[in-house]
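K.L.:
The structure follows.
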Amino acid sequence: MMCRRQCVLLVPSLLRALPRVQLAVGASCAFGLVWLLSAEPDGARAVVALQYAALALSLGVASILEDDAADTVAAVPPSLLFRRVLTIAIVVPAFVVTWAALMSLSAVATSSAPAITLQVGTLVLVTIALGAALTRGGAISGPLVVIAFLGADAFAPDWALAPDLGDWRWDAIWAGLGAGALLALLVVSRDPARRVPRLQAPSREPQREENDRNRVAPRSSRRLLRSRPCRNPATVRADNLTMPQEPA
Amino acid sequence: MSSVSPAVAIAAHRPARERPRREVAALARIEGRRLLLHPVFLLGLALSMLFFRDEGNGATWEAFVDGFAYLPLACGTLVAANLGALRSRRDRTDELYESMPRPRSSRVAGQLLGLLWTLPIAGALMAAARIDNSFVVDNLGVLHAPSPGQLVQGPLMIITFGAIGILLARIAPSPIVGAVAVVALIAARLPGLIPAGSIGAWLVPIATDVFQYAPSTPCDPGTSSGCHRVATSAIAWHLSYFFGLTLLAAAAAMIPRRRPLGFAAVAALAVALAAATRLAAG
């Protein structure tokens with residue numbers, strides 16, 4: 001119940017905070033690339049077109065977790081993980097619709113569709129996780145993923161470019177990469193104000209607490225401690241002064 | 001007794017009207033260092049260094065002479081320069097910089113001059129590739145003699161990409177634009193999208209295709225060595241286009257805001273440059 005109430009309150013704010021221009025630019029570039037690259041009637045380049053569209057979409061979603069007011073909202077009751085999951089949940093439906101439209105536009109073969117979808121999911125997860133891990137990482141994570149993917153395209157085209165559904169290694173690599181990115185995203189989304197376990201040896205703690213308990217305060221401090229707790233010590237000293245009595 | 005203060009001549013100091021050499025040089029040092037330490041630039045450098053996987057056939061040297069091996073580094077430079085030019089916008093210090101005595105063009109000039117810091121790295125990569133494949137000339141004889149244009153085009157491509165990145169930050173100040181430009185440039189190289197030899201292929205600032213399809217002649221026609229020298233006419237004109245494009249991008253990036261006529265003039269010059277060099281190259 002509490003969670004639902006927080007969702008209702010947070011969703012409009014998160015919608016306003018989303019980088020809508022970047023999302024729109026990424027989706028527009030994805031549609032443009034698919035339209036340009038998959039123009040051939042036999043659909044030979046549909047897979048490549050979808051991969052470039054996936055890169056454009058990754059660039060668009062790179063900074064959805066960036067929050068200019070992160071320091072301010074760090075102390076609000078909903079945790080960082082909750083807010084980030086909510087943000088991703090807001091973006092996911094639009095992303096799914098966009099990707100489905102891109103796949104229908106590219107007319108990719110049905111056999112290649114799951115592999116490409118796995119790849120775009122992994123690319124987006126890696127981009128978001130990298131953007132969440134780095135300080136202001138949204139600007140860096142997208143280009144890093146793009147250049148790394150294009151480099152893998154040049155040096156290991158068998159695994160980056162040509163999805164082969166019969167080859168289990170391709171699926172295993174991209175699924176493993178996606179799982180690792182999801183784990184990394186969960187790790188970096190832990191609440192910064194979480195309770196951190198102490199690294200001191202536990203055997204010394206009872207002794208220290210006992211010493212604190214038995215520590216004897218100096219005499220002047222004891223007198224001050226007996227006075228009212230929130231008063232300034234200087235005021236206490238002034239109150240204790242005895243003024244000379246006027247003779248009657 | 002009256003005391004009168006002596007007249008003190010106050011000379012108005014107008015630093016904006018002085019030649020900003022020292023400030024620009026200092027900014028170029030800082031921007032160049034930040035550019036070389038940028039993660040995207042370092043990733044591009046690492047990918048360019050992956051071309052050092054020689055299989056004994058001179059492939060490394062060929063990749064660097066053709067310019068293809070410089071492509072990841074150039075893409076990293078474009079993105080890093082773009083993000084560097086957008087730093088003040090990201091940090092919301094634009095208004096603070098406007099209160100400085102120097103104009104905005106000084107900062108842009110510093111960023112543009114900072115691109116020159118990539119030259120030693122590009123030269124070192126070329127030298128390392130030459131040393132790595134030096135034995136190929138003696139054993140197999142397949143290593144052709146590079147023309148000066150082939151030696152220059154890789155480092156020039158890096159600087160051109162960097163200038164384009166800074167110009168993009170001026171035109172469309174969004175961090176996504178540089179990376180989208182990289183995707184578009186790489187997609188433009190896909191076979192069949194832009195026909196080889198067309199004006200579209202000439203406009204793309206990547207020289208690899210021009211170098212690969214340029215005619216070559218044997219170094220010594222009397223012998224049967226595999227040494228070939230690439231014909232330099234088309235390459236020279238394409239390099240001229242590169243160089244002019246870099247200068248025009250730098251000029252457009254330094255034009256003050258609200259000067260659409262200046263932008264229009266630079267765009268017209270760029271179109272004229274592309275057409276003239278394409279026609280001259282035949």
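The values are calculated or read from the model by the stated rules, or taken from the named source; none is laboratory data. These numbers were taken from a predicted model, which means no experiment stands behind them. Note that we place each Cβ from the backbone using ideal geometry, even for glycine, and neighbour counts take in every protein chain shown. With ligands, DNA and RNA removed, areas are computed over all heavy atoms of the protein, side chains included. Shrake-Rupley method; radii C 1.70, N 1.55, O 1.52, S 1.80 Å.
K.L.:
Just to be sure I understand: if you take the accessible area of chain B alone plus chain A alone and subtract the pair, with a 1.4 Å probe, what total do you get in Å², rounded to 100?
P.N.:
Counting both chains, the buried surface is close to 2300 Å².
K.L.:
Which value in nm describes the separation of the simple spin-label points at A:SER111 and B:ALA127, placed 7 Å from the Cα toward the beta carbon?
P.N.:
That separation, rounded to one decimal, is 5.3 nm.
K.L.:
Related question: Based on the Cβ-Cβ distance of A:ARG16 and A:LEU36, what FRET efficiency does E = 1/(1 + (r/R0)^6) give at R0 = 35 Å, to the nearest 0.05?
P.N.:
Taking R0 as 35 Å, the efficiency between A:ARG16 and A:LEU36 is 0.60.
K.L.:
Per 0.36 nm of contour for each residue apart, how much would the distance between A:ALA152 and A:LEU9 grow if the chain were fully extended, relative to their Cα-Cα spacing?
P.N.:
That works out to 47.2 nm of additional length.
K.L.:
Of the trypsin sites (Lys or Arg not before Pro) in the stretch B:18-104, which ones lie in a loop per DSSP and count no more than 12 other C-beta atoms within 10 Å?
P.N.:
Listed in order of number, the matching sites are B:ARG53, B:ARG92.
K.L.:
Spelling out what I want: for every residue of the stretch A:63-68, take phi, set θ = phi - 60°, compute 6.51 cos²θ - 1.76 cosθ + 1.60 (Karplus), and round to whole Hz; glycine and proline get x.
P.N.:
Karplus values, whole Hz, x for Gly and Pro: 10, 6, 8, 6, 9, 5.
K.L.:
How high is the FRET efficiency between B:PHE263 and B:ARG33 when r is their beta carbon distance and R₀ equals 25 Å, given to the nearest 0.05?
P.N.:
The calculated FRET efficiency here is 0.25.
K.L.:
Next question, about the same structure. Take peptides B:250-256, A:59-65 and line them up by average Cβ neighbours within 10 Å, highest first, as a rough protection proxy.
P.N.:
Highest to lowest by the protection proxy: A:59-65, B:250-256.
K.L.:
Starting from the Cα of B:VAL204, step 7 Å along the direction of its Cβ; do the same at A:ALA69; then give the gap between the two resulting points in nm.
P.N.:
Each label point lies 7 Å from its Cα, and together they span 4.5 nm.
K.L.:
Within a 10 angstrom radius of each residue's Cβ in A:132-142, how many Cβ atoms of other chains show up on average? Whole number is fine.
P.N.:
4
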